[in-house]
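Right, one structure below, let's go through it.
Bear in mind these aren't lab numbers, they're just calculated from the coordinates by the rules spelled out. Bear in mind the structure is a predicted one, so any value in this text is a computation, not a measurement. Cβ placement follows ideal geometry from the backbone for every residue including glycine, while neighbour counts extend to all protein chains displayed.
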Amino acid sequence: MIEKYGADAFRVTLAAFAAQGRDVKMSEARIEGYRHFVNKIWNTARFALINLEDVDISTELPSDISLSLADRWIRHA
């Protein structure tokens, strides 16, 4: 399956159906569907990286905006 659909698609499929105490019924159609999903994420990331080359993300936000912990963590990276 990995040779046919790729390791990322297989990992996402396993992660999507992994629940404690549940048997995973693997089908080739599900792996293929998650392959398409992973491909969309890849294309989106590539598009963003190509189009955001000249964008300065280090700009400061206005002081009246409070960020959640998750937002602060994302901006820190």
Review point. Taking the Cα-to-Cβ direction at Leu61 and at Glu3 and moving 7 Å from each Cα, how far apart do the two end points lie in nm?
Key: 4.9
Exercise for review: Find the relative contact order for the chain and round it to a whole percent, using C-alpha pairs within less than 8 Å whose residues are 6+ positions apart.
Suggested key: 27
Review point. What is the dipole size for the chain, taken about its Cα centre, with +1 at each Lys and Arg Cβ and -1 at each Asp and Glu Cβ, in debye to the nearest 20?
Key: 520
Practice item. Using just the helices of the chain, give the 222 nm mean residue ellipticity in deg cm²/dmol: DSSP H runs with n ≥ 4 each add -39,500 (n - 2.57), and the total is spread over all residues, rounded to 500. Key: -19000 deg cm²/dmol
Point to revise | In the chain, the trypsin sites (Lys or Arg not before Pro) that fall in loop regions by DSSP, at most 16 other Cβ within 10 Å | key: Arg22, Lys25
Revision key, fill the gap. For the Phe17, Asn43 Cβ pair and Förster radius 30 Å, calculated FRET efficiency rounded to 0.05 is 0.80
Review point. Tell me, what is the FRET efficiency for Glu32 and Ala70 to the nearest 0.05, using R0 = 30 angstrom and their Cβ-Cβ distance as r?
Key: 0.40
Review point. Arg11: net charge of surrounding residues, Cβ under 14 Å, Lys/Arg +1, Asp/Glu -1, itself excluded?
Key: +1
